[in-house]
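Every number here is computed from the coordinates shown, using simple stated rules; none is lab data. Fair warning: this is a prediction, and the values are worked out from it, not measured in the lab. Neighbour counts are summed over all protein chains in view; Cβ atoms, including those assigned to glycine, are modelled from backbone coordinates with ideal geometry.
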Amino acid sequence: MLAGQSVTLERVSMAFGDFVAVRNADLHIEAGEFFSFLGPSGCGKTTILRLISGFNEPTGGVIRIGGADMAGIGPNRRPTALIFQNLALFPLMKVWENVAFGLEARGVARAERRRRAGELLELVALEGQGEKLVSALSGGQRQRVAIARALAVEPAVLLLDEPLSALDLKLRQKMRAELRTIQQKTGVTFVYITHDQGEALTMSDRIAVMSHGRIEQVGTADAIYRAPASAFVATFVGESNVLAGRVIGTSGDEAILETAHGSLAGRNPHGLDAGARAQLVVRPERCRLLDGDAPGNRLAGTVERLDFEGAFVSLVVRLDDGAEVTAQLANDGSLPRLKPGTPVAIGFAAEAALLLPVAGDG
Amino acid sequence: MAELFRRLGAVAGALVLGTVILWVLFLVVLPQLFMVDMSLRPHLPVPEQGGPADVRSLANYATLFANDAHRGIFLRTIFSAALVTVLALVVCYPVAYYLAQVARGPTAALLVLGLVVPFWVNEILRTFSWFLILSRNGLLNQVLMGLGLTEAPLNMGGVGAVMVGMVYAYILFMVFPLYNAIESLDRNQIEAARDLGASWPRIHARVVVPHAKPGIAVGCIMTFMLAAGTVAVPQLLEALPGGTNARWFTQVIYSLFFDGGDWNSGAAYAFALLVSCVIFIFVMMRVFRVGIADVAK
Ligand SMILES: Nc1ncnc2c1ncn2[C@@H]1O[C@H](COP(=O)(O)OP(=O)(O)OP(=O)(O)O)[C@@H](O)[C@H]1O
Ligand SMILES: [Mg+2]
């Protein structure tokens, strides 16, 4: 029966000629975990998946599945199944033949194949559609055929390459829930790729955020959102205001950053010392409108625009040097009239802000 | 049709359409009808033509089946053409697959060039080059003797030589339809099949070949028609030492027309060959379950 296995990457690199698509990836995915790779287009997500599934051999490092070194083992002999970005269903076969193809490859008799295909189609809520051609199905149904086809070979690890990107928003949300359900029902390890942070945050047990072939951070959705490891993660996962400066003093687990907009205090989990260059990141929803000369972190500027978003409004403030910061304010009727050009100041608590080292700085 | 008139206007549209109709009528339909008519009449001296003896019958066709030699050549030609087709398919499929799905960038371009360049030379010369390679003091014999594999030159003529020459003569007509068909297959489907554990033979049998069927059908049809209809290749290569001088059916037709002057029998034989080829096309389309529209693509 189905059971997940762990996936381990040990300093895995992949170079295409001079171009390094994946650099020193170190990672352990638990058996039965729903693990996502999140990153912008071209950051190497598909490449990592192809390395795990065996279509490419890494140019450096070791890949283990269930603890076993996968070097030299082809995709047809790994306990993985890949769901392609474009699904790659077989258009000339019936739906049930698509689902049963992996069993056919294993020499399972036809009657047994039919029976198993029927079971799997039921699992993905496609019972009775087996005799159709793939072209007669809707986008969401094809999606499910691809899942059933991959599950048919009883993989320990299911690899999914942005499988929902071609679907419309409604269907995407529905399929997210279904994928999660199927994952929990089967216990198979899911390695899911997406450039959609909403998708990664809602579905995954843990997420690896990637940029330019590097894994920037690995953690739960909550941890990544609360404590991004880099300015890239802070801006890619959710929104963040980022202000650069130099640390001028520390006190306990907080530090003071000297920026072009004055001194700002924030948490200092990386233990940056005075003199270090750093970036301060703060989420828009942690910023508030200041009135009067309140003490604490303060950014003064003029209203650039006010975007109405329903339950809240986004206030974009232009600072003196042209930089923009955004504050997300509750739309609870307490907001003053803020026309573009009005001088305002926004502030945030020191514990809401995070100081991060600048990459390439010791 | 309406599209043609919309784009070209009434006058130009009518001109284009008219030209096509005239072309087909005068160069295809009428000559064929003339041939059929001729094939049904007896071969008579000129004064008796149109006379009481000039009645239509199937006598000329009957000779084809009654004459053991001619019937034998006819059947052997059809069989050989089919064999050439199968051999060409076997040789060309891996080449086309490699070009379409494996080779990348400059390698692929170079390979295609290597395939195409010889075809800038006319068919007779290309075949003659095989004659040179396979003749008694030809390249192959010299290589074999140089390697000490044989003492004296071998006679290379015979069925094998003709098959080699024919397969080579029509290789492009098989490779390119196959290449086009295989190239349009999404590589992810091949990888998906592999990921699901399929062996290479199974991937080809279940994914690549079914997708390439129309291309296979077109390639087979073209190769078969050309092989069945050629005069030059068998004539040249049967002349190699060791050759059987077995004649190709087209050579029989040729000699009926130009040596015997019996145009009526020649027309009957030619028409019989045409009908066989058309039957072959329909059989192929049936076997590969492809429609006219797929083939015309
Ligand atoms: N076979 C290859 N040869 C050369 N470069 C490649 C190859 N495959 C991928 N790359 C390069 O590696 C980088 C990462 O590609 P990859 O397909 O992994 O990106 P991705 O994160 O999946 O992007 P997307 O979200 O657009 O699918 C890209 O810059 C790409 O051009
Ligand atoms: Mg990708």
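Things to note:
- Residue within the range A:19-26 that is of a type in the set (Phe, Trp, Tyr) and under 30 Å from A:LEU167 (Cβ atoms) present: no
- Test: residue in the range A:139-158 that is within 16 Å of ligand 2 (Cβ to nearest atom), in contact (Cβ under 8 Å) with a residue 60 or more places away in the chain and among the acidic types (Asp, Glu): no
- Residue that is touching an Asp or Glu at 6+ places or on another chain (Cβ under 7 Å) and within 14 Å of chain B (Cβ to nearest Cβ), where the choices are A:PRO91, A:PRO75: A:PRO75
- Scanning the range A:26-41 for residues that are within 12 Å of ligand 1 (Cβ to nearest atom) and touching a strand residue (DSSP E or B) at 6+ places or on another chain (Cβ under 9 Å) turns up A:PHE37, A:LEU38, A:GLY39, A:PRO40.
- Residue in the range A:128-144 that is assigned to a loop (DSSP other than H, G, I, E, B), within 14 Å of chain B (Cβ to nearest Cβ) and within 29 Å of the chain's Cα centre (by Cα) present: no
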